[in-house]
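Student: To start, I am sharing the structure in question, which I have written as structure tokens.
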């Protein structure tokens, strides 16, 4: 009899799993349920679409449901899994288009339900739709075109909040970015985040830190609202929430899948849900092992979702791939600066009780005499005992961010900064001074270790 | 009594050594002899100066002799060491400005004499001045401005030959690049070098491969010469030689310093010349250990020269630093492409008798939908037995080259491609697709390993 693989969620992790499984097992029926109208899109591209850098939302879609269907994957969009019975191996499906519920059986299951926005716990927050999906972004964009919105408030100064703030400035809005923390981008240390804040302010974003939002007074059908904060009332024709996301695991948890301390689904290093044969989870809804902290974390990024999805799809069809864990690498581009981080920040290391040293340097992205050279800041965090590299942060103009991958590789390989300092890295005047900024930073950090 | 450190050669390695020694030992007298008029300049910047990207040759000089002197280093320019007596610890100095010779004693010695151009063994080659120093570049530039040069022939299609060819095109000359090999850039495999050749041809450089130069008929004082080749006579108002360089070690070898198989001075991993207490060598004139080939090589690059110079300066003043060797990392920008390589090419690995697999991929430098995305080619070379990464080559538009440092780090750490494939590298739409091109290349190479 034909076996059926059910994949719940049709974005990065889900479609990676479905594709890998489809390729590996000819006789398998592969059914994907996707709550929204689109599959396999770049959520990371949404700010660029809203800001006008990417003109058409279609361009953010890597592969359409039709393309997947013609590859032999039964994708059902606007179909949400609202119930799960692991013993009976059935799922309750709500078809939002047809407005009906039905039951579907499965033999094997990959859960890739992703994450959902967390609204701040203040009155009025429920009236604001999160701009996390392409269809939500399209609704937001058409509202911006229709109205003569003048002022926007972005709540939450994460990298996404900053990207959205920049996008709305590019749209001509007057943008205020508020956060209750005393710095932007909590994934960076404050000294590095400072440069990002300056860049945002440089394009006209008003940044309000240590600012509590008390009430959101907007009507999605008209302009002229406001946001009440501890710093006063801010006019707000539009409000964007970027106050964090959480794994979308309610249905799966209710059905008995284990939820870890991070709030995401527990999985082993093969993406298996413990205690449930033939059940896997991958992507934003699942945990990953942090290699430096040696504990399970939930980091929502497309890179992990794609890799874990593929591994789940391989392993659910009899394969034996291991997901090796994460070290917290991330990059973004905000205003004139590229920003990247990997490993532990100084603050994170201190919170984890690790005795670290840190050093930061400022350099140029090209040889000093070469046109287009601009600033780059590099901060490294190393174990105080032996100089083992634990983290890196980079802010700078074009060419800065991708250097983080060198640090990620060095951290992965458990290199220390003394070794990094003398690494045979490339040099040419258009790309750096003769000592790459990473080598200079490693040298400064090595000095701090030996003190 | 005050001891004296003599440094022969005032460019990257020599001035790095002098500076480190000066900082570490107060009482030490530091004397530097430099044959040319400048110290510590960027030879790598010369093509950009000739092409007009960098307007003023002064900008290529990191620190002037005056600056070094005010830091307590006695730099004598236009002074060449023409003889050395290691037993008597004296050097014979020819002062080209004063046109006299004298003898100088020393207690400790750092040899940093660099490299010199090798002219091709054909009639007329001696009449062509190599454009390897700033003063030679200034003479060449002023000749270009004075004359109405129309045609140039660049002999040798190394990265330097390609950079010079591009520079001369930017100056408005009609440029032919000839090489006896059947590909440009011998440091790359032919399949990767092909993209570079296309880029050069794209800006109008005429590339003649498998072409023997037979005679050079130019007069440095006038235009209207030519170059006779196996492909016919090429008009040549200007000829540029980039037919390789060799370590400038004649005086030192005659004095008894050991020369290795590479033709450069033998040194241990502390930059010490074996058998001669207190004598060190660093930079283009010295050997380095190649970590993958496990033998001594001579690779002339500013990166090594700076590091080795500093190590020599530290160790000659009682320090204990180890130069960890090289893996052949290099980068350049030629026409629209950035080019980089590290480790062993497929050809080099085969010549070294190592059983390797290789895989190449073509991808985009940014997310497909992001403006400014362009092609990037990545080729990886791995040990056939276990997938250990041995080499990488990258050609592509802006953002391509510096990715080589990730591969250099992975090679250094003895990572295999199976591990590289799942590394936690960064992603954001302006910098790559969700799978970085390096991860895609690693996956393809891993497949080749398992076959």
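The values are calculated or read from the model by the stated rules, or taken from the named source; none is laboratory data. Just so you know, these numbers come straight off a predicted model, no measurement behind them. Using ideal geometry, Cβ is built from the backbone for each residue, glycine included, and neighbour counts are taken over all protein chains shown.
Student: Given the conditions (1) in contact (Cβ under 8 Å) with a residue 60 or more places away in the chain; (2) within 13 Å of chain A (Cβ to nearest Cβ); (3) assigned to a helix (DSSP H, G or I), and given that residue B:304 satisfies all but one, which numbered condition is not satisfied?
Tutor: (1)
Student: While we're on this one: Could we say that residue B:395 is at pLDDT 95 or above and more than 9 Å from chain A (Cβ to nearest Cβ) here? Walk me through it before giving the result.
Tutor: Values: at pLDDT 95 or above: yes; more than 9 Å from chain A (Cβ to nearest Cβ): yes.
Yes; evaluated as a whole, the condition is true for this residue.
Student: If you check A:310, A:336, which single one turns out to be more than 20 Å from the chain's Cα centre (by Cα) and more than 23 Å from residue A:389 (Cβ to Cβ)?
Tutor: Working: A:310 fails: more than 20 Å from the chain's Cα centre (by Cα).
Unique residue meeting the criteria: A:336.
Student: Looking at B:352, B:382, B:367 in this structure, which one is modelled with pLDDT of 95 or more, surrounded by 23 or more Cβ atoms within 10 Å (Cβ to Cβ) and outside the structural domain of residue B:43 (by TED's automatic domain parsing)? Outline the logic, then answer.
Tutor: Working: B:352 fails: surrounded by 23 or more Cβ atoms within 10 Å (Cβ to Cβ); B:367 fails: modelled with pLDDT of 95 or more.
Every option except B:382 fails the conditions.
Student: Quick test of your reading of the structure: residue A:44 fulfils all but one of (1) under 15 Å from residue A:131 (Cβ atoms); (2) modelled with pLDDT of 90 or more; (3) touching a strand residue (DSSP E or B) at 6+ places or on another chain (Cβ under 9 Å). Name the failing condition by number.
Tutor: (2)
Student: Do you know which residues across segment A:403-414 are at the interface with chain B (Cβ under 8 Å from one of its Cβ atoms), farther than 17 Å from residue A:337 by Cβ and surrounded by 21 or more Cβ atoms within 10 Å (Cβ to Cβ)?
Tutor: A:405, A:406, A:408, A:409, A:410, A:412
Residues checked against (1) in contact with a strand residue (DSSP E or B) (Cβ under 6 Å, 6 or more places away or on another chain); (2) modelled with pLDDT of 95 or more:
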| position | (1), (2) |
| --- | --- |
| B:305 | no, yes |
| B:312 | yes, yes |
| B:318 | no, yes |
| B:322 | no, yes |
| B:325 | yes, yes |
| B:329 | yes, yes |
| B:334 | no, no |
| B:348 | no, yes |
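Student: Okay, moving on. Given A:145, A:101, A:66, which one is surrounded by fewer than 15 Cβ atoms within 10 Å (Cβ to Cβ), outside the structural domain of residue A:170 (by TED's automatic domain parsing), farther than 28 Å from residue A:183 by Cα and at pLDDT below 95? Spell out the reasoning first.
Tutor: On the way: A:145 fails: outside the structural domain of residue A:170 (by TED's automatic domain parsing); A:101 fails: at pLDDT below 95.
Result: A:66 is the single residue among A:145, A:101, A:66 that is surrounded by fewer than 15 Cβ atoms within 10 Å (Cβ to Cβ), outside the structural domain of residue A:170 (by TED's automatic domain parsing), farther than 28 Å from residue A:183 by Cα and at pLDDT below 95.
Student: Assigned by TED's automatic domain parsing to the domain that holds residue A:275, assigned to a loop (DSSP other than H, G, I, E, B) and over 20 Å from the mean Cα position of the chain (by Cα), is that true of residue A:88?
Tutor: Details: assigned by TED's automatic domain parsing to the domain that holds residue A:275: yes; assigned to a loop (DSSP other than H, G, I, E, B): yes; over 20 Å from the mean Cα position of the chain (by Cα): yes.
Taking the combined requirement at face value, the residue satisfies it.
Student: Quick one: which of A:390, A:425, A:344 is within 12 Å of chain B (Cβ to nearest Cβ) and either crowded, with 20+ Cβ neighbours inside 10 Å or more than 28 Å from the chain's Cα centre (by Cα) (or both)?
Tutor: Of the residues listed, the single one that is within 12 Å of chain B (Cβ to nearest Cβ) and either crowded, with 20+ Cβ neighbours inside 10 Å or more than 28 Å from the chain's Cα centre (by Cα) (or both) is A:425.
Student: Okay, next question. If residue B:159 satisfies every condition in (1) closer than 17 Å to residue B:237 by Cβ; (2) in contact (Cβ under 8 Å) with a residue 40 or more places away in the chain but one, which is the exception?
Tutor: For residue B:159, the failing item is (1).
Student: Something else about it: Only one of A:128, A:93, A:153 is surrounded by 18 or more Cβ atoms within 10 Å (Cβ to Cβ), on the phi < 0 side of the Ramachandran plot, out of contact with any helix residue (DSSP H, G or I) (no Cβ under 9 Å at 6 or more places or on another chain) and modelled with pLDDT under 95. Can you tell me which?
Tutor: A:128
Student: Which of (1) over 23 Å from residue A:160 (Cα atoms); (2) surrounded by 24 or more Cβ atoms within 10 Å (Cβ to Cβ); (3) within 9 Å of chain A (Cβ to nearest Cβ) does residue B:400 not meet, given it meets every other one?
Tutor: Only one criterion in (1) over 23 Å from residue A:160 (Cα atoms); (2) surrounded by 24 or more Cβ atoms within 10 Å (Cβ to Cβ); (3) within 9 Å of chain A (Cβ to nearest Cβ) is unmet by residue B:400, namely (3).
Student: Determine, yes or no, whether residue B:262 is farther than 30 Å from residue B:199 by Cα and within 19 Å of the chain's Cα centre (by Cα).
Tutor: yes
Student: May I pose another question? Take the residues in segment B:31-46 that are closer than 24 Å to residue B:241 by Cβ and free of Cβ contacts under 8 Å to residues at least 60 places away in the same chain, then tell me which one is farthest from the other protein chains (Cβ to nearest Cβ).
Tutor: First, the residues of segment B:31-46 that are closer than 24 Å to residue B:241 by Cβ: B:34-38, B:41-46.
Checking which are free of Cβ contacts under 8 Å to residues at least 60 places away in the same chain leaves us with B:34, B:45.
Working: B:34: 18, B:45: 5 Å.
Per the stated criteria, the residue is B:34.
Student: Would you pick out the residues in segment A:434-451 that are in contact with a strand residue (DSSP E or B) (Cβ under 9 Å, 6 or more places away or on another chain), farther than 18 Å from residue A:346 by Cα and either more than 9 Å from chain B (Cβ to nearest Cβ) or not in a loop (DSSP other than H, G, I, E, B) (or both)? Break it down stepwise before answering.
Tutor: Residues of segment A:434-451 that are in contact with a strand residue (DSSP E or B) (Cβ under 9 Å, 6 or more places away or on another chain), as a first pass: A:435-438, A:440-449, A:451.
Adding the requirement that they be farther than 18 Å from residue A:346 by Cα leaves A:435-437, A:440.
Matches in segment A:434-451: A:437, A:440.
Student: Sticking with this one: Give the residues of segment B:47-62 that are within 20 Å of the chain's Cα centre (by Cα) and either surrounded by fewer than 23 Cβ atoms within 10 Å (Cβ to Cβ) or more than 10 Å from chain A (Cβ to nearest Cβ) (or both), sorted by residue number. Spell out the reasoning first.
Tutor: Initially, segment B:47-62 is screened for residues within 20 Å of the chain's Cα centre (by Cα), giving B:47-51, B:53-54, B:57, B:59-62.
Scanning segment B:47-62 gives B:50, B:51, B:53, B:54, B:57, B:59, B:61, B:62.
Student: Taking the conditions exactly as written (outside any helix (DSSP H, G or I) and either out of contact with any helix residue (DSSP H, G or I) (no Cβ under 6 Å at 6 or more places or on another chain) or closer than 29 Å to residue A:297 by Cβ (or both)), does residue A:424 satisfy them or not?
Tutor: Numbers: outside any helix (DSSP H, G or I): yes; either out of contact with any helix residue (DSSP H, G or I) (no Cβ under 6 Å at 6 or more places or on another chain) or closer than 29 Å to residue A:297 by Cβ (or both): no.
No: the conditions fail for residue A:424.
Student: Filtering segment B:229-251 down to residues that are over 21 Å from the mean Cα position of the chain (by Cα) and part of a strand (DSSP E or B), which residue is nearest to residue B:305 (Cα to Cα)? It would help to see each step written out before you state the result.
Tutor: As a first pass, look at segment B:229-251 and keep what is over 21 Å from the mean Cα position of the chain (by Cα): B:229-238, B:251.
Those left that are additionally part of a strand (DSSP E or B): B:229, B:232-236, B:238.
Working: B:229: 36, B:232: 40, B:233: 39, B:234: 37, B:235: 37, B:236: 34, B:238: 31 Å.
Filtering first and then ranking leaves B:238.
Student: Give B:269, B:277 a once-over and let me know the one that is more than 14 Å from every other protein chain (Cβ to nearest Cβ), part of a loop (DSSP other than H, G, I, E, B), at pLDDT 95 or above and farther than 19 Å from residue B:116 by Cα.
Tutor: Values: B:269 fails: more than 14 Å from every other protein chain (Cβ to nearest Cβ).
None of the others qualify; the one that does is B:277.
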